[in-house]
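Input: a single structure, listed below in structure tokens.
The values are calculated or read from the model by the stated rules, or taken from the named source; none is laboratory data. Keep in mind that what you see is a predicted model, and the values were worked out from it rather than measured. All Cβ positions, even for glycine, are placed from backbone atoms using ideal geometry, and neighbour counts span all protein chains on display.
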Amino acid sequence: MSPTEVVTPPPPAAPERKPDPCIVIIFGASGDLTKRKLLPALYHLVQGNLLPSEIAVVGVARRDLTKTFAPDMQDGVIAGGGVEKDDPRLAPFIEKVQYHTMNFDDPNGYDSLKTLLASIDEKFGTKGNRLFYLAVAPEYFSDIIGFLGKHGMAKPEGGAKWVRTIIEKPFGHDLLSARALNDEVNKVFDEDQIFRIDHYLGKETVQNILVFRFANSIFEHVWNRNYVDHIEITAAEAIGIEGRGPFYEQAGLLRDVIQNHVMEVLSFIAMEPPVSFEAAAVRAEKVKVWRAITPIAPEHAVRGQYGPSTIDGKAVLGYRQEERVSPTSQTETYAALKLEIENWRWAGVPFYIRAGKRMAKRLTEVTIMFKQPPLRLFKNKEGKSDHIEPNFISMRIQPDDGITLRFGAKVPGPSMDIAAVDMDFSYADAFGPSSNNGYERLLLDAMLGDATLFAHRDGVEATWTIMTPILENWAKTPVSDFPNYPAGTWGPTASDAMMKADGRKWRKL
Ligand SMILES: NC(=O)c1ccc[n+]([C@@H]2O[C@H](COP(=O)([O-])OP(=O)(O)OC[C@H]3O[C@@H](n4cnc5c(N)ncnc54)[C@H](OP(=O)(O)O)[C@@H]3O)[C@@H](O)[C@H]2O)c1
């Protein structure tokens, strides 16, 4: 028997949610994201019979890849998992994958793209519906959107039902730039045409936070300041910056991971139950959480940068030695924050967040650490009870997705000795392994016009409002101790000291 079993019968098949015929146009299609994630995800949707047959894909980028793009995407789909080379649906899907060479700042390129899309509508019956996916560096967002507007491509034409755009992160660089970008985008697209994507929200485990909290009666009533001591969110990556020096030098960890992914997870953990799962209702509850976060004191924002080290016997470069990184770089590759949410549910419960590159292991998880019982009945021989561990719920978002509940149990024997034990739920054990990469659900939702799992303008601005003062303060106060943690460790000692000042320590992961 596996430790985790599905005990209810399979639910009845969900009502069919097939989107309208459409063309998915990916700007930046020669990049890593398209081959590794987007095309495999689209094909997983085809395999799941979730798309109509009238779907086409057009990749757009600068290099001329007209001949190689489709076969290259086929390789990406197979490498993405769960697809056999001779899958009978693969060849018909790849036939509808095309490529358009253009420079994003060339107006003529948009004219010829428009002509190409019209010809695809004729050939494949895609009915004029368009999903423009901006898988490009953020400096191109405004240009591309502006050109789409000028060339009459941002509104449905000739009987088409819809035109939508998915915009990749990072959405802005700080509050002012995010506002300016929102203004630019809103000049061309109405808010309900815009899908700001955060791929964390495509993860089953993140969506499951809402199920865990709001579809069960046993957790929600202890999910508040009366029972919770504190909450920890860790988003650790074992890899470094993987050759993306220029991007990382401008972004840094706080912008790259915390402003978006971690704040999204935090909002799911902390929000009130929405009245429904409609986009407006969910987004409203998330924004309430972010707006209730009080300004973060400088001593509650720790930054770090990894230095050289040896991992598994191999020498690893420090951040400052990475390609196209300044040898005196002040960019943070680690950040730890203490946040306070000033509302009735959470006042007095600190949320500790840490995220970093080149950490001891790759893992994203949330720990809800509960208070100790008020009466400590169970004492050891010295008359103390501090050997008893507090209860916690740990939600593993990646890898090894699942949930652990830790509690105390009596050790068999003649005395009342207590040991901590774990009850474990594993996604893979319960539901089997999955090749999905998270983009499936988000691409499908965008094609269906369901924005529940996408960021709204208000949300983006609310999270930048929290992060911008930290970034401004860091820019004003250069650090002298970078690098301050060796690659392959859990970050700088200042992060442990921040916890220690509160009489706590990070949970060992
Ligand atoms: N990779 C990931 O796993 C990942 C995950 C989450 C978010 N994202 C975000 O997704 C976006 C794209 O990521 P990526 O890793 O795919 O980027 P990338 O590998 O750097 O690709 C950039 C793409 O933009 C094209 N491009 C750049 N300048 C151009 C111009 N002036 N005209 C036409 N094409 C131009 C490049 O085309 P050429 O090759 O022809 O120059 C290439 O197709 C970024 O915003 C990133 O932050 C990526």
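A few comments on the model shown:
- Subset of segment 57-81 [in contact (Cβ under 8 Å) with a residue 40 or more places away in the chain, surrounded by fewer than 22 Cβ atoms within 10 Å (Cβ to Cβ), within 13 Å of the ligand (Cβ to nearest atom) and over 21 Å from Arg441 (Cβ atoms)]: Arg62
- Residues that are touching a Phe, Trp or Tyr at 6+ places or on another chain (Cβ under 8 Å) and without any contact (Cβ under 8 Å) to a residue 24 or more places away in the chain within segment 381-404 comprise Ser385, Asn391, Thr404, listed in sequence order.
- The one condition in (1) over 29 Å from Asn103 (Cβ atoms); (2) assigned to a loop (DSSP other than H, G, I, E, B) that His44 fails to fulfil: (2)
- From Glu84, Glu122, Glu54, residue being more than 12 Å from the ligand (Cβ to nearest atom) and touching a helix residue (DSSP H, G or I) at 6+ places or on another chain (Cβ under 7 Å): Glu54
- You will find that of Ile231, Ile241, Ile194, the residue that is crowded, with 21+ Cβ neighbours inside 10 Å, touching a residue at least 24 places away in the same chain (Cβ under 8 Å) and closer than 19 Å to Pro390 by Cβ is Ile231 and no other.
- In segment 400-418, the condition of being under 21 Å from Ala235 (Cβ atoms) and in contact with a helix residue (DSSP H, G or I) (Cβ under 6 Å, 6 or more places away or on another chain) is met by at least one residue.
- Qualifying positions in segment 242-273 - modelled with pLDDT under 95 and not in a helix (DSSP H, G or I): Glu242, Gly243, Arg244
- Residue match in segment 78-89 (condition: in a helix (DSSP H, G or I) and not charged (D, E, K, R)): yes
- Some residue of segment 404-413 being surrounded by 15 or more Cβ atoms within 10 Å (Cβ to Cβ) and among the hydroxyl-bearing types (Ser, Thr, Tyr): yes
- Odd one out for Ser112, checked against (1) within 16 Å of the ligand (Cβ to nearest atom); (2) among the hydroxyl-bearing types (Ser, Thr, Tyr); (3) touching a residue at least 12 places away in the same chain (Cβ under 8 Å); (4) surrounded by 14 or more Cβ atoms within 10 Å (Cβ to Cβ): (4)
- Test: residue in segment 314-335 that is surrounded by fewer than 23 Cβ atoms within 10 Å (Cβ to Cβ), in a strand (DSSP E or B) and touching a residue at least 40 places away in the same chain (Cβ under 8 Å): yes
- Residue within segment 115-136 that is surrounded by 20 or more Cβ atoms within 10 Å (Cβ to Cβ), touching a residue at least 40 places away in the same chain (Cβ under 8 Å) and farther than 19 Å from His151 by Cβ present: yes
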